[in-house]
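A short worksheet on the structure shown next.
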Amino acid sequence: MTDARQYDRLFIGGEWTAPHSGTSFESIDPSTEDVWCEVALADEVDVGRAVDAARAAVDGAWGQSTSPTERGRLLYRFAELVRRDARRLAEIESRDNGKPVRDTLGEVNNAADWLTFFAGAADKLNGDQIPFRPDALAYTRLEPVGVVAAILPWNSPISLASWKLGPALAAGNAIILKPAEQTPVTMLELAALAQESGFPPGVVNVLPGDGAVGEALCAHPGVDKVSFTGSHETATRIMRSAAGSLKRCSFECGGKSPFIVFADADLPRALSVAAHSAFRSTGQSCAMAARMFVERPVYDEFASRLADRARKIRVGSPFDASTHIGPQTSSEQRDKTEAFIALGKQSGARLLAGGGRPAALARGYYVEPTVFAEVDNTSRLAQEEIFGPVTAVMPFDDESEVVAMANDSRYGLVGGLWTSNVGRAHRIAAQIRCGLVSVNTFRPIHYMLPYGGYKVSGVGRENGFEAVRAFTETKTVVVDLATEMPADPFGG
């Protein structure tokens, strides 16, 4: 896979193959609004081919004769190749989703770190011995769940693919990657690197396509688990589709994360992290600081200084080294963000910064970093995930009030608080209904830290060793060691 002309192929069963439909779709550069390449369009027939190839791998060489140590070695090699091609992968990712190259380069290198961590876990999947009876040996085995369908989002394709590839392959599964139609290209590049790494045919498969491909994967009886990152509305549809065969499902969905600042916090540090956490990735992350609750004595100062920082953020081309944030990934997402900004203006919230498109950027899906103050916590601006560079700042008076405000959300992915009071830090952390709560920092994402959400923010956890277990089935084995003939309950 060395040039865009080769993106007209799918990767199935270790081979580059034409899509059944013989058609392709366009990938748009969000910084220019131009088509930069065409990508093969998979369909339901291709889904069947990929599932068959993955099943053959699980039932064949990969599942039967590849040792855990060898699985780890292949993953280490995969990670090395990702690092080797990091610059190229980052530039392709930026062309596809609009993030600055400096950000995508960091994400590609992070993906290599994730693959390396899970490579080390491959030969450490130990079951337990259970002393349930003195004359029996009972133990558990952790076995691969089988064929995994990994359905990816468009905001951080390579990074989030590594969260699924690493644990799934370490546990001995075969995987079918379905990239978002907005950002398909880097998954094809990863397929080429998986092939170069030496994984047996069918272990890694890539099917670019539209929603119909994802639906076919979720409904296919040969898929044993669906791992999805995206909206909770789509996760709900996946659950319905997977119910027919009782597929295992794990979901990492959206967020509307509370960022709580008490008056005794280190304000300069909190402001610096707040600006980055609200606007990084052009707001296109489920773990953004989207709702900022600031204790009233420092509220006005914090809001004013945050707006000053927002106005200084440089919005521009992903390939300009001076750019802080790039465009939104699609025209649809930009339109959604602008609709929420208009809603905020109409609702009576006070616009402190941004609120429009950068005047100097006539083409591209650009939006200014936007700060609203005096936002009603029950409003759509505060309750719904925008997925754009927009944050809301709201005052509070005491602990009980801010806990109630923070938890007044259907989401529960990430939360953070800033305070110098150790007791308060532990009290608040225990009460916030989120899968990850941070104190005097925000969103500490790491391959060793379990990550996932409460409520509609998801089901299950990614990262950490428990992510590998999530791609396994637990089998209990009991061996009777008794030497005496057992009593016959029927008197025979």
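Bear in mind that the values in this text are calculations on the coordinates, not laboratory data. This is a predicted model, so every value here is computed, not measured. Note that each Cβ is placed from the backbone with ideal geometry, even for glycine, and that neighbours are counted across all protein chains shown.
General remarks:
- Peptide ranges 190-197, 169-176, 154-161, 12-19 listed from the most packed, as the mean C-beta count within 10 angstrom indicates: 169-176, 154-161, 190-197, 12-19
- An oblate overall shape is assigned to region 301-387, the ratio a/c of its alpha-carbon gyration tensor axes (a ≥ b ≥ c) being 1.5 or greater and a/b not exceeding b/c.
- Region 258-439: antiparallel DSSP beta bridges as a percent of all, rounded to 5: 10
- Under a model in which nothing but the beta-carbon of Lys, Arg (+1) and Asp, Glu (-1) is charged, the chain shows a dipole of about 800 debye around its Cα centre.
- In this structure, Asp408 and Val479 have a Cβ-Cβ separation that, at R0 = 51 Å, corresponds to a calculated FRET efficiency of about 0.45.
- The relative contact order of the chain comes to 18 percent, based on Cα pairs under 8 Å that sit 6 or more residues apart.
- The long axis of helix 232-242 is offset from the longest Cα principal axis of the chain by roughly 20 degrees.
- The chain: antiparallel DSSP beta bridges as a percent of all, rounded to 5: 40
- Net charge in the neighbourhood of Gly423 (other residues with Cβ under 15 Å of its Cβ; Lys, Arg +1, Asp, Glu -1) is -1.
- Among residues other than Ala42 with Cβ under 11 Å from its Cβ, the summed charge is -2 (Lys and Arg +1, Asp and Glu -1).
- With semi-axes defined as the square roots of five times the eigenvalues of the C-alpha gyration tensor, the equivalent ellipsoid of region 258-439 measures 27, 16, 15 Å, largest first.
- For the pair region 1-65 and region 69-115, the centres of their Cα atoms are 19 angstrom apart.
- Over region 258-439, relative contact order from alpha-carbon pairs under 8 Å, at least 6 apart, %: 27
- Potential extension, Ser322-Thr69 segment - 0.36 nm per residue separation minus Cα distance: 86.7 nm
- Computed from label points 7 Å out along Cα-Cβ, the spacing between Arg296 and Asn440 is 2.7 nm.
- Rounded, prolate or oblate (a/c below 1.5 giving rounded, otherwise prolate when a/b exceeds b/c) for region 1-89 by Cα gyration tensor: oblate
- Unit charges at the beta carbon, dipole of the chain: most positive-side option, Thr441, Ser67, Gly13: Thr441
- Model label zone, Glu33; criterion: amide N under 11 Å from point 7 Å along Cα-to-beta-carbon; scope region 331-348: 331
- Based on DSSP H segments of at least four residues, each scored -39500 (n - 2.57), the chain has a per-residue ellipticity at 222 nm of -12000 deg cm²/dmol.
- Full extension of the chain between Ala359 and Arg237 gives 40.0 nm of extra length, using 0.36 nm per residue less the Cα-Cα distance.
- If the chain linking Leu343 and Val422 were pulled fully straight, counting 0.36 nm for each residue of separation and taking away their Cα-Cα distance, it would gain 24.6 nm.
- Here region 360-376 is scanned for amide nitrogen atoms under 15 Å from the site 7 Å beyond the Cα of Ser331 along Cα-to-Cβ, giving 362-366.
- Mean separation of Cα contacts under 8 Å, 6 or more apart, over the residue count of region 1-102: relative contact order %: 24
- Under the convention that each Lys and Arg Cβ holds +1 and each Asp and Glu Cβ holds -1, the size of the dipole of region 258-439 around its Cα centre is about 540 debye.
- Toward the positive end of the charge dipole of region 258-439, with +1 on the Cβ of Lys and Arg and -1 on the Cβ of Asp and Glu, the farthest Cα among Pro258, Ala425, Thr337 is that of Thr337.
- Applying 1/(1 + (r/R0)^6) with R0 = 30 Å to the Cβ-Cβ distance of Phe132 and Ala487 gives a FRET efficiency near 0.95.
- Packing order of peptides 24-35, 140-151, highest average first: 140-151, 24-35 (average count of other Cβ atoms within 10 Å over each peptide's residues).
- Per-bin percent of Cα-Cα distances, the chain [20 Å]: 23, 51, 22, 3, 0
- Backbone phi angles across region 25-40, fed through the Karplus curve with coefficients 6.51, -1.76 and 1.60 (θ = phi - 60°), yield HN-Hα couplings of 9, 8, 9, 9, 7, x, 7, 10, 6, 9, 6, 10, 6, 10, 10, 4 Hz in residue order; Gly and Pro are listed as x.
- Under-5 Å amide H pairs with Ser24, H placed in peptide plane, nonlocal only: Leu41
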